[in-house]
Amino acid sequence: MKKTAITITGWIITAALIWVMLAKIDLRALWDEITRANWWYLAAAAAVNITVILLKALRWQWLMSPSHRARYGNIFNASMIGFAANNVLPVRGGDWLKIYLLGKWERASRAMLASVTGLDKLFEAISILLLFSVLSLHSTFPDWVVKGTMIVSIVAAISLLICILLMFHHRRASRDDTGTAGRVSKLAAQLGSGMLVLASSRLIFATLALSIVICLLQIGTIWLCQLAFGLHLALWVPALVFVAINLAIIVPSAPSGLGPFEAAAVLAYSWFGVNAALGLGIALCYHAVQFIPVTITGAILYMIEIKPGTRKELKMNSTEVL
């Protein structure tokens, strides 16, 4: 019931944002902007985006390494299938699919994989916040971006504290296992097994450095999309667009963040004086660069990696995954 409510709310938000954007934008001008785009730059952006997924799979391998030595190929395949599923399934269904697949292929605890999922997103959020802090020294940003990053900073700090507490609980439970722990305590200990990377300063700094590289490459994809439209702007412009989009897609929406994704990009570009039709054209192409190659590749891997007889097993809710 809760998932249905979130899905309906997401579609309402998406429909409202699309209606507002289309009402304010000259569709003929938008079409003209898209048709004159340089497709070679967009192809390069798509290649960079695939590189981002390769590196995100490596980050997952590093985050899992203290608890489980997983094969990189399995992580990449599950990641690609998961990203593809997130493009078409509501309420981040691809994340749960990724957990299920890795649990099946690697015989790993799904509770541990769920906690690694959260930790992966936390590292990404921290790297974006660090990047925003550096950029704020060279440029001013809209109030809604500043307020959004402040809220995300608070949430990230609380989440990091919870992760650390879960890690300590897991280590204590492993040391003092008497078999009398309650169900909640056991689940917390299982979740904490995915947080063991926080005990290694070397892995923390390496993962954070990798996350910053991933952010820079994602900014690079936006920069390439800008070049496809002949738009030459300072580096912090695609960086602001990147931060704005990542803040916006937290809001419930249709699959793939449709609606908030484009609206945030248009608002960010408008801040720098870029007209709405051009801003939306870049946003749509950037979204397509992320959506089309990943969805097609993920669908192909899904068909190859998953036997037809086992596909019905994937129809599970989040409680079943854990």
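At a glance:
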item	result
Residue identified as touching a helix residue (DSSP H, G or I) at 6+ places or on another chain (Cβ under 8 Å) and within 22 Å of residue 263 (Cβ to Cβ) among 56, 24	24
Cross-chain or 6+ apart pairs with Cβ under 9 Å, the range 86-111 first and touching a residue at least 12 places away in the same chain (Cβ under 8 Å) and among the aromatic types (Phe, Trp, Tyr), then surrounded by 23 or more Cβ atoms within 10 Å (Cβ to Cβ) and assigned to a loop (DSSP other than H, G, I, E, B)	none
Filter pass, residue 115 being small (Gly, Ala, Ser), in contact with a Cys (Cβ under 6 Å, 6 or more places away or on another chain) and within 21 Å of residue 201 (Cβ to Cβ)	no
Cβ-Cβ under 8 Å pairs, at least 6 apart or on other chains, the range 35-57 side charged (D, E, K, R), far side assigned to a helix (DSSP H, G or I)	56/79; 56/120; 56/214
Checklist (1) under 19 Å from the mean Cα position of the chain (by Cα); (2) under 24 Å from residue 120 (Cα atoms); (3) buried (at least 23 other Cβ atoms within 10 Å of the Cβ) applied to residue 216, failing item	(3)
Among (1) exposed (fewer than 15 other Cβ atoms within 10 Å of the Cβ); (2) under 23 Å from residue 61 (Cα atoms), the one test that residue 156 misses	(1)
Qualifying residue in the range 60-77 (condition: modelled with pLDDT of 90 or more, over 21 Å from residue 245 (Cα atoms), over 18 Å from the mean Cα position of the chain (by Cα) and of a type in the set (D, E, K, R))	yes
Residue 205 vs. criteria surrounded by fewer than 18 Cβ atoms within 10 Å (Cβ to Cβ), out of contact with any Lys or Arg (no Cβ under 9 Å at 6 or more places or on another chain) and part of a helix (DSSP H, G or I)	yes
Sole exception among (1) at pLDDT below 90; (2) out of contact with any Gly (no Cβ under 6 Å at 6 or more places or on another chain); (3) buried (at least 17 other Cβ atoms within 10 Å of the Cβ) for residue 49, by number	(1)
Single residue of 280, 231 found to be in a helix (DSSP H, G or I) and in contact with a helix residue (DSSP H, G or I) (Cβ under 8 Å, 6 or more places away or on another chain)	280
Close pairs from the range 240-265: first closer than 14 Å to residue 10 by Cβ and without any contact (Cβ under 8 Å) to a residue 24 or more places away in the chain, partner crowded, with 20+ Cβ neighbours inside 10 Å and not aliphatic (A, V, I, L, M), Cβ under 6 Å, at least 6 apart	248/260; 249/257; 249/260; 249/261
The lone exception for residue 137 - which of (1) surrounded by fewer than 17 Cβ atoms within 10 Å (Cβ to Cβ); (2) more than 19 Å from the chain's Cα centre (by Cα); (3) modelled with pLDDT of 90 or more; (4) not acidic (Asp, Glu) it fails	(3)
Residue in the range 258-277 that is nearest to residue 140 (Cα to Cα), counting only those that are assigned to a helix (DSSP H, G or I) and of a type in the set (A, V, I, L, M)	268
Selection within the range 99-134 - among the small types (Gly, Ala, Ser) and within 18 Å of the chain's Cα centre (by Cα)	114, 115, 118, 125, 127
Residue satisfying all of: in the range 34-59; under 21 Å from the mean Cα position of the chain (by Cα) and of a type in the set (Val, Ile, Thr); farthest from residue 97 (Cα to Cα) among these	48
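The values are calculated or read from the model by the stated rules, or taken from the named source; none is laboratory data. Computed from a prediction, not measured in an experiment: that's the story for all the values here. Cβ coordinates were reconstructed from backbone atoms using ideal geometry, including for glycine residues, and neighbour counts include every protein chain displayed.
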